[in-house]
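The values are calculated or read from the model by the stated rules, or taken from the named source; none is laboratory data. Because the structure is predicted, anything quoted here is derived from the model rather than measured. When we count neighbours, we look across all protein chains shown, and the Cβ atoms used for this are built from the backbone with ideal geometry, even at glycine. The accessibility values were calculated without ligands, DNA or RNA, using every heavy atom of the protein model including side chains. Shrake-Rupley method; radii C 1.70, N 1.55, O 1.52, S 1.80 Å.
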Amino acid sequence: MTQVPSSPTRAPHPLDSLTTEEIAAAAALVKSDARFDDQARFAYVGLAEPSKPSVTSFASGDPVQRDVRMVMTTGPHARVVEVVASLSDRCLRSVTEIDDVRPNLLFEEALAAMTALTTDVAWNAAMARRGITDPAQVQIDPWPAGNFASPHEDGRRICRCLPYLRDTPDGNGYARPIEGVVAFVDMARGQVLEVLDTGVVPLPPESGSYYPESQPALRQDLRTLEIVQPEGPSFTVEGNLVRWQHWSLRATLDAIEGLVLHQIGYEDQGRLRPVLYRASVSEMVVPYGDPGPVHGWKNAFDAGEWGLGRMANSLELGCDCLGEIRYLDGVLATEQGKSYVVKNAVCLHEEDYGILWRHHDGRSGRTEVRRSRRLVVSSIATVGNYDYGFYWYFYLDGTIGFEVKLTGVLSTMAVAPGQDPRFASMVAPQLAAPYHQHLFNVRLDMDVDGTTNSIYEMEARPLPLGVDNPWSNAFESCATLLRTETEAQRVADPACSRHWKVVSSTAKNRLGRPTAYKLLPGPTPTLLASAHSSVGRRAAFATKNLWVTPYDPGERRAAGEYPNQHRGGDGLPEWTSKNRAIVDEDLVLWYTFGVTHIPRPEDWPVMPVEYAGFLLVPTGFFDRNPALDLPPPGHCHT
Ligand code: CO
């Protein structure tokens, strides 16, 4: 069963997904404006979210104002035009030109770059030097070019292109990197600017196929495993509003951020207690650690440069999720301003998650067990060679989890026979994968029992030997109030169990303490490139695990709105330079986590999933274990 996003005539809510009709109406308003001609392209189209107070105070039946935010290009220049269209008033509410920035890379222009290379003399000569004469066999991957003060970058929207040999339609290009060749292309003009050839390296010999027909044999002993829920799932879906086991939330798909959750709350004795107003991946970066001319510039901001929603997959029943599935569609716009639907972009299902709590009382012989179950809200984006699954988890005990599942195909390089690269792992004969990181920044607009919150850094600290610690065993739980944006730029420290606790300024539990949620880190690498490097300036968010800002609706993306070819410094470093106060404020947490990926041979030819994420755990939010009311499992076999 597929859920269609609710239309404004059916169930209007200010956070309803844009409909195909609304996108068409917004695009028509732009196209009928004299400032936009046939060259104008829609780099981004999304809901201009109404103000937070108007959403939190919204009651069903209230009038809904619908505004659409668009980022336009109007020619091949380094300039965008930001437009807000009012659908209610049928006008362009604002039109703002911004110079010296680039939008996310456009698919149309990526195709233009590939086409330009296919007929380029220097490019084809480089291919011919490697014995490749059929341009149709060359897979060209356009990459965001970064910012390296190359003259090619000035005033242009460019990409750097890497070639791979794909001599069969089902071939794995990343098995056969055409090493030593990289091209700069003005993608907006379809113009090749430079083809760099650092010398021929032989093609790796193996095909690297992961298709079943290529495997010597498939396992025969894996028996059917089915998830059966004869009574249906325990959640309900109404428009984009999802309710499950006291939880409620809204799920939508944004072109850039991908899966976005709003108004996450927990119903407690008839009262909906807010936890998070909005949660999304605000940015991510994949910096590579090989300093050579062909790979040293590689770093991808897959949200801001490509768009996690634009790259979202249509999910398949029984493959991507298992069990009783419900889907939400994504509604996006093409660069020509036409709406389209990404069917089944967001998957909703329940998963058994082992035991939630248990005790065997040895005296009475009585055992009590409760099963843990979680609601999973997920989407998967494929960005070039990589696939990223984004999974929000909601548990029966009030815990929220977020997990990225990293899979897909490694970015590779060819290595001459007998060579052993210093900044890459060998994964197959003559094939290596450069070391790299995947660093995600999640923006968490916290509303723990109300809009006004404070944040403490929590550490477990041992006491020195003394009269109050005669056995040298004592340790304390220390809370440090983070008072300003500067104080709240923090890195993880697992040795002292460092984590961060967001407390309500207004609500208290039965022990008289503020109700709270804690952010519990998982894998927490920070950026290994220098903060002064090109990628370090552009991905400053990744130099810390935690940033905290007072809520500002204009501060949405950790590296700024336009990271593509940006010189850096935008986003979090810019905003937090004001060093605003964050005590008893509406707080936004910006949390960086991820993976430092030293590739393994087992990651080839396709990567088993690697996991990275974090938890938001109630800590004094409830008065006791909130899952005592779970019924015992229905059928325990002895
Ligand atoms: Co990786």
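The residues listed here are Y340, Y393; of these, the one that is of a type in the set (S, T, Y) and either touching a helix residue (DSSP H, G or I) at 6+ places or on another chain (Cβ under 6 Å) or closer than 28 Å to Y266 by Cα (or both) is Y393.
Of all the residues in the range 593-628, those that are over 20 Å from Y388 (Cβ atoms) and in contact with a Pro (Cβ under 9 Å, 6 or more places away or on another chain) number 3.
Do we find that L225 is of a type in the set (A, V, I, L, M) and open to solvent by 50 Å² or more (accessible area, probe 1.4 Å) in this structure? It is true that L225 is of a type in the set (A, V, I, L, M) and open to solvent by 50 Å² or more (accessible area, probe 1.4 Å). Restricting attention to the range 426-449, the residues that are within 16 Å of the ligand (Cβ to nearest atom) and within 21 Å of P523 (Cα to Cα) add up to 7.
In the set T452, T412, T399, only one residue is within 16 Å of the ligand (Cβ to nearest atom) and of a type in the set (V, I, T); that residue is T412. Tell me which residues, restricted to the range 405-463, are touching a helix residue (DSSP H, G or I) at 6+ places or on another chain (Cβ under 6 Å), among the hydrophobic types (A, V, I, L, M, F, W, C) and either modelled with pLDDT under 95 or not assigned by TED's automatic domain parsing to the domain that holds G289 (or both). Matches in the range 405-463: A460 only.
Scanning the range 76-109 for residues that are over 26 Å from the mean Cα position of the chain (by Cα), touching a residue at least 60 places away in the same chain (Cβ under 8 Å), open to solvent by less than 60 Å² (accessible area, probe 1.4 Å) and over 16 Å from K31 (Cβ atoms) yields a single hit, P76. Here R374 qualifies as more than 12 Å from the ligand (Cβ to nearest atom) and touching a strand residue (DSSP E or B) at 6+ places or on another chain (Cβ under 7 Å). Can you find a residue in the range 479-492 that is open to solvent by 20 Å² or more (accessible area, probe 1.4 Å), within 16 Å of the ligand (Cβ to nearest atom) and in a loop (DSSP other than H, G, I, E, B)? No, the range 479-492 contains no residue that is open to solvent by 20 Å² or more (accessible area, probe 1.4 Å), within 16 Å of the ligand (Cβ to nearest atom) and in a loop (DSSP other than H, G, I, E, B). Screening R538 on (1) in contact (Cβ under 8 Å) with a residue 24 or more places away in the chain; (2) more than 26 Å from the chain's Cα centre (by Cα) shows it passes everything except condition (2).
Counting only strands (runs of 3 or more DSSP E) that sit completely within the range 337-399, those holding 2 or more residues that are surrounded by fewer than 19 Cβ atoms within 10 Å (Cβ to Cβ) correspond to 339-360, 367-383. Which residues, counting only those in the range 545-599, are open to solvent by 40 Å² or more (accessible area, probe 1.4 Å) and within 16 Å of the ligand (Cβ to nearest atom)? Once the filter is applied, which keeps residues that are open to solvent by 40 Å² or more (accessible area, probe 1.4 Å) and within 16 Å of the ligand (Cβ to nearest atom), the range 545-599 yields T596, I598. Could you please let me know if D603 is surrounded by 16 or more Cβ atoms within 10 Å (Cβ to Cβ), among the charged types (D, E, K, R) and more than 16 Å from the ligand (Cβ to nearest atom)? Taking the combined requirement at face value, the residue does not satisfy it.
Considering only the range 228-258, how many residues are open to solvent by less than 60 Å² (accessible area, probe 1.4 Å), within 28 Å of S282 (Cβ to Cβ) and part of a loop (DSSP other than H, G, I, E, B)? Total meeting the criteria: 6. Screening N625 with (1) open to solvent by 60 Å² or more (accessible area, probe 1.4 Å); (2) more than 16 Å from the ligand (Cβ to nearest atom); (3) under 24 Å from the mean Cα position of the chain (by Cα) gives one miss only, at (3). Taking the listed residues D120, D67, the one that is over 20 Å from V30 (Cβ atoms), out of contact with any Gly (no Cβ under 6 Å at 6 or more places or on another chain) and surrounded by fewer than 21 Cβ atoms within 10 Å (Cβ to Cβ) is D120, with no other qualifying. The set of residues in the range 606-621 being open to solvent by less than 30 Å² (accessible area, probe 1.4 Å) and either touching a Gly at 6+ places or on another chain (Cβ under 7 Å) or within 14 Å of the ligand (Cβ to nearest atom) (or both) consists of M607, A612, G613, F614, P618, F621. For the criterion of being of a type outside the set (K, R), buried (at least 18 other Cβ atoms within 10 Å of the Cβ) and touching a helix residue (DSSP H, G or I) at 6+ places or on another chain (Cβ under 6 Å), E324 fails.
A single member of A26, A48 is over 30 Å from G450 (Cα atoms), open to solvent by less than 40 Å² (accessible area, probe 1.4 Å) and out of contact with any helix residue (DSSP H, G or I) (no Cβ under 8 Å at 6 or more places or on another chain), and it is A26.
G270 passes every criterion in (1) among the small types (G, A, S); (2) at pLDDT 95 or above; (3) surrounded by fewer than 20 Cβ atoms within 10 Å (Cβ to Cβ) apart from (2).
Candidates in the range 416-467 are the residues that are free of Cβ contacts under 8 Å to residues at least 12 places away in the same chain and among the hydrophobic types (A, V, I, L, M, F, W, C); of these, the one that is surrounded by the most Cβ atoms within 10 Å (Cβ to Cβ) is L465.
For the range 291-309, a residue qualifies if it is within 13 Å of the ligand (Cβ to nearest atom) and more than 10 Å from the chain's Cα centre (by Cα), and the qualifying residues are K298, N299, A300.
For the range 505-512, the criterion of a residue being in a strand (DSSP E or B), under 24 Å from the mean Cα position of the chain (by Cα), in contact (Cβ under 8 Å) with a residue 12 or more places away in the chain and surrounded by 12 or more Cβ atoms within 10 Å (Cβ to Cβ) is satisfied by no position. Checking the range 545-559 against the condition returns a match, with at least one residue being of a type in the set (F, W, Y), closer than 24 Å to E49 by Cα and touching a residue at least 12 places away in the same chain (Cβ under 8 Å).
Checking the structure you have, find out if any residue of the range 278-299 is open to solvent by 30 Å² or more (accessible area, probe 1.4 Å) and hydrophobic (A, V, I, L, M, F, W, C). No, that holds for no residue. Is one or more of the residues making up the range 304-311 part of a strand (DSSP E or B) and either open to solvent by 50 Å² or more (accessible area, probe 1.4 Å) or outside the structural domain of K52 (by TED's automatic domain parsing) (or both)? No, the conditions are met nowhere in the range 304-311.
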